[in-house]
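Asks: Submitted below is the structure of interest, expressed as structure tokens.
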Amino acid sequence: MRYFITFACYGWHLHGEETGSVDRKHNLPGSRFLQPFPQHAEAERQLMDQPPFSLDANCRSVVLTAIREVCAYRGWTLLAVHVRTNHVHAIVEADIRPEKIMNDFKSYASRSLNRSKLGQPDRKRWTRHGSTRWLWKDEDVGDAIRYVVEEQGQPMAVFINEEG
């Protein structure tokens with residue numbers, strides 16, 4: 001199976017923000033974002049016990065390397081990944097459920113950031129979950145790769161599998 005996996009850094013993409021967010025009912029390809037609801041976003045912000053986390057150029061590079069390493073170690077095929085300042089998009093092919101892949105991405109990235117001494121080890125870096133979309137058709141995979149690589153603005157830490 002092939003999946004489009006997205007996860008955000010802690011404190012970004014709060015439900016109800018103007019920039020848009022998803023929940024379990026709005027996590028299908030083509031579905032709309034949640035409607036803006038500033039009071040909900042502010043309530044979530046008040047519950048945060050650490051400031052938002054963001055990835056500078058060094059952190060983005062470490063996270064990109066960690067994602068590539070976990071895919072190689074697990075035998076997953078990484079088709080594309082783009083590590084941004086406040087979120088990560090990845091397209092991956094694997095024979096397991098996407099939630100496991102996303103959790104491994106976060107774990108490997110956090111360990112690599114810790115080893116690189118980029119931030120405090122007890123720092124919250126990622127949101128609790130993320131988006132795990134199944135890509136059923138080759139056309140969907142191509143569209144997702146284009147979105148990840150070409151439609152995120154200025155490229156940051158990007159990998160595209162030229163062989164896959």
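Asks: Evaluate the distance, in nm, between pseudo-label points positioned 7 Å from the Cα of E139 and of D122 along their respective Cα→Cβ axes.
Replies: Placing both labels 7 Å beyond Cα along the Cβ direction yields 5.2 nm.
Asks: Using label points projected 7 Å from each Cα along Cα→Cβ, tell me how many nm separate R115 and I160, to one decimal.
Replies: 2.9
Asks: If you don't mind, another one. Using DSSP to define loop residues, name the GluC sites (Glu not before Pro) in the stretch 69-164 whose beta-carbon has at most 10 other beta-carbon atoms within 10 Å.
Replies: On the way: sites: E69, E93, E99, E139, E150, E151, E162, E163; in loops: E151, E162, E163.
Of the GluC sites (Glu not before Pro), the ones in loops of the stretch 69-164 whose Cβ has at most 10 other Cβ atoms within 10 Å are E151, E162, E163.
Asks: Let a ≥ b ≥ c be the square roots of the eigenvalues of the Cα gyration tensor of the stretch 117-164; is it rounded (a/c under 1.5), or, if not, prolate (a/b larger than b/c) or oblate?
Replies: Here the stretch 117-164 falls in the prolate category.
Laboratory data are not the source of any read-out in this text; all were calculated from the coordinates shown. Please read all numbers here as calculations on a predicted model, not as lab measurements. No Cβ is skipped: glycine too gets one built from the backbone with ideal geometry, and neighbour counts run over all protein chains shown.
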